[in-house]
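Worksheet: one structure, shown below.
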Amino acid sequence: MSLILNKVIWTPASGENEELKDVESINLSRQTETKASTANITLKNNMVKIVTGFSQPLSKYVSDSNKLRFNEGDSIKIYMASVDVVRDLDTTITSTDLIMSGEVAEVKGKAGEKSSKLTIKIVDKTWVILNRLHVFNYKASLNLNAPKIIQRVIRTVTTDVSQDDLSYDDDGNHVSNGKYSVDARLDTDGGYIETARQNTTEFPDTSIAKVYKPAYEFIKELSTLEFTNDFPTEDENNPPQNRTMIFYIDERNKFHWFYPNDTGGSGLTFIEGDDSTGNKIISMNMTYSTFDIINLVFFNSGNDLYGSGISSYLYDKNTKSKEFKQVYKPYTEIAKEWVKAEIDAGNLILDNAQTVFTWEGNNYKADAYGFTTSWGVDTAGFSDSDYNDALRSKCISDGKGRAANIFKNRGSPRWKGKIECKFKIYTPSDLIQLTSTRLGINQRKLRIKSSQYNITKSGGFVSLSVEEDERKTGAN
C-alpha cells in the first residue's frame, strides 16, 4: 500500500524556515500559462501558551503581542511524494519532491468553541510575476526573435529579489547574490526556452510593442504562429511552427516555453479498468465539445494615421465544423501601441501646423522617408500613403495572430474534461494517452491543463483537467 508523504516549509519575510507540523489538509491546484497555481493549507492552530494580559491562551501562530505571524509575501514550499517505503522528503534545492513554491496571499481564520483553525492561501510565482506590468517597444532594429524577447521580458519583471534568500544568476545558479527570481535561460544555455523550431531552424526576428501590459500578454502573443513564423515569406497554410507554444513557471521557478508535440511522456498512459500503467482512474467526466466552436473571427485593430478603421478577419482553415461559427473582437489597442512606438522612435513628428496625419486630436507628419519602422519595414521611396498602408498591414497581421489564438481552444470539436485518479504527481502541460471503452475514447492524446490535489490525514487523490491539443495548421 502506498503512503502519501507531505511537508510544508514556511519562510517569513524576515525569519528562519519553520516546518508546519499541524497540517490538517492541503488543497493544491497546479496550472499552466497565465492561470495562477494556488494552494489552501488548513492548520489546526491549537492554543499553546499563556501570556499575561490576555484572558485566554494564545494560539500557535499568534505572537506574544497577539498578532498573526503569517504575512502577505511570506514564502511557503510544499513537498509531496507517494511511496511504498517511508523515507524523508527531499527538501534540497534540486528536490524532485517539491510540488509548489509560492507566496502567502491571504489567511482565513475560523474560531469555534473547541478549535481555531487557519487556512492559508498561497499563489505561485507564475501569477505574481507574469501579472507585473511591462512597457517596451521591442522594435525590429533590435534583431530579436520570440524566445529572446520573452527572456528579456521575464528578466525585466523578475529583478526584485529583495525578499528572496536565494535567486538565479545569468547561468541558472541558485545563489545568495542572484539577479532574477525566475530562471529564464534559453535551452542553448541549459534552460527551458526553446530556440529551434520544428524544422530545426531558428525563430525569425520579430517586433512587438505594448504599453503597461502584464508580462504574460507579451509572452502569450509571442507564442502564436504570427510571431514564430515568417509570414508571408513562409507558407501560412503549412508553416514550420504549426502550433501555438506553451509556457509555464515550474515549482522551482524555472520558466518553460516549448512546442506541444504529440509525444507523451513515460508513465502517462491511462486505461480505464487497468491499473498496471501506474495510473488508476477513479472517475471521469468528459465532453466531446462542438457547441463552443469559433472558426471565424472578425476584428478591428484600431484606426490608421488618417483616422480610418483597420478591420479584417481570419478563418480557421483546419476547422472540422461544417458551419461558420463567428465572433467579433475589438483589438483597437494594436494600432495605438504601434503609433506610439513610431512617435517614441521619432518616425512620427508632432506638427499641428499641417494636416498630413491626424492622431488622437493632434496632427503629425512623417520624418524624412528612408527610416525603418518599429516593426522592421524600410520606408525608402515611400509616400505618406505607403507609410499608412504599412501600418495597416502590421496591425492586421497582429490582429490575425490574436484571432489564431482563439482557434487554439475553439477551432474544432475535441475531447476535454476531468479525470479523477489515485494520488500521483503530474506536471501540467504533460501529454497523456487515454483509453475508455465505456466512453468510446481510444488512445486519445490529451494535454493536462491543471492538476488538483486533495490531501488529508486519511489519504488523497488528484483531479486532472485535460483537453486535446489544437490541430496543427496544415494538418489534414
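Remarks
- Test: residue in region 375-390 that is in contact with an Asp or Glu (Cβ under 8 Å, 6 or more places away or on another chain), assigned by TED's automatic domain parsing to the domain that holds GLY302, assigned to a strand (DSSP E or B) and farther than 18 Å from SER29 by Cβ: no
- Test: residue in region 147-166 that is in contact with a Leu (Cβ under 7 Å, 6 or more places away or on another chain) and surrounded by fewer than 22 Cβ atoms within 10 Å (Cβ to Cβ): yes
- Residue match in region 39-62 (condition: of a type in the set (Phe, Trp, Tyr) and more than 27 Å from TRP127 (Cα to Cα)): yes
- Checking each residue in region 442-464 for being hydroxyl-bearing (Ser, Thr, Tyr) and either assigned by TED's automatic domain parsing to the domain that holds SER37 or at pLDDT below 90 (or both) picks out THR456, SER458.
- THR358, sole failed condition from (1) part of a loop (DSSP other than H, G, I, E, B); (2) in contact (Cβ under 8 Å) with a residue 24 or more places away in the chain: (1)
- Counted as qualifying within region 186-265 are the strands (runs of 3 or more DSSP E) with 1 or more residues that are hydroxyl-bearing (Ser, Thr, Tyr) and touching a strand residue (DSSP E or B) at 6+ places or on another chain (Cβ under 8 Å), namely 208-214, 246-249.
- The residues of region 416-430 that are in a strand (DSSP E or B) and under 21 Å from SER82 (Cβ atoms), listed by number, are LYS418, ILE419, GLU420, CYS421, LYS422.
Residues are listed down the side, and each one gets a yes or a no for (1) farther than 28 Å from ILE219 by Cβ; (2) out of contact with any Gly (no Cβ under 6 Å at 6 or more places or on another chain); (3) buried (at least 21 other Cβ atoms within 10 Å of the Cβ):
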position	(1), (2), (3)
ALA341	no, yes, yes
ILE349	yes, yes, no
ALA353	yes, yes, no
GLY361	yes, yes, no
ILE396	no, yes, no
ALA403	no, yes, yes
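- Within region 21-46, restricting attention to residues that are of a type in the set (A, V, I, L, M, F, W, C) and surrounded by fewer than 20 Cβ atoms within 10 Å (Cβ to Cβ), the residue that is farthest from ILE219 (Cα to Cα) is VAL23.
- Count - residues of region 167-192 that are surrounded by fewer than 19 Cβ atoms within 10 Å (Cβ to Cβ) and either among the acidic types (Asp, Glu) or under 28 Å from VAL377 (Cα atoms) (or both): 6
- Subset of region 299-344 [of a type in the set (Lys, Arg) and in a strand (DSSP E or B)]: LYS329
- For the residues SER141, SER162, the requirement of being over 17 Å from LEU222 (Cβ atoms), free of Cβ contacts under 8 Å to residues at least 24 places away in the same chain and either more than 21 Å from the chain's Cα centre (by Cα) or part of a strand (DSSP E or B) (or both) singles out SER162.
- Residue match in region 418-429 (condition: surrounded by fewer than 19 Cβ atoms within 10 Å (Cβ to Cβ) and touching a helix residue (DSSP H, G or I) at 6+ places or on another chain (Cβ under 9 Å)): yes
The values are calculated or read from the model by the stated rules, or taken from the named source; none is laboratory data. What you see is a predicted model; the values in this text were computed from it and never measured. When we count neighbours, we look across all protein chains shown, and the Cβ atoms used for this are built from the backbone with ideal geometry, even at glycine.
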